[in-house]
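A short worksheet on the structure shown next.
Just so you know, all these numbers are worked out from the coordinates, no wet-lab data involved. Note that the structure is predicted; figures quoted are calculated from it, not measured. Here the Cβ positions follow ideal geometry from the backbone for every residue, glycine too, while neighbour counts run over all protein chains shown.
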Amino acid sequence: MRMLRWFCGHTRRDRVRNEVIRDRVGVAPIEEKLTQHRLRWFGHVQRRPPEAPVRNGVLERVDNVKRGRCRPKLTCDESVKRDLKDWNIPKEIALDRSAWRLAINVPEP
């Protein structure tokens, strides 16, 4: 946001909202871009061969570790499942790279 404000010639003191700056420059919302990046990584992992370390569970967290008493942390799998549900994208499309890229694309305004 600092760079975008600099493009527009504003500072934080001008008290111009982030949405106004993003609309003026033509940048998509950050939440959607983060979701797109997370789903792009998910598609990459799904297209890997099953014997790859990412696919066979070497990089997965250990389930027998005792978790704390407070709210459980959001895992990457849970956030990807939520994103797929929110954007109505089936998991099987990830195997076709061109269809996957079209499905997760966030257009710039």
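Brief remarks follow.
- As an equivalent ellipsoid, region 1-44 spans semi-axes of 27, 9, 8 angstrom, where each value is the square root of five times an eigenvalue of the C-alpha gyration tensor, largest first.
- Listed values (i) 1.10; (ii) 0.92; (iii) 1.00, entry calculated as Rg/Rh (Cα atoms, Kirkwood Rh): (i)
- Relative exposure of Phe7, Phe42, judged by other C-beta atoms within 10 Å (fewest first): Phe7, Phe42
- Distance between the modelled labels on Asn88 and Asn56, one decimal in nanometres: 4.0 nm (7 Å Cα→Cβ projection).
- Length-normalised contact order for the chain - Cα pairs under 8 Å, 6+ apart - percent: 35 percent
- Spacing of the two label points (7 Å from each Cα toward its C-beta) at Glu108 and Phe7, in nm: 0.7 nm
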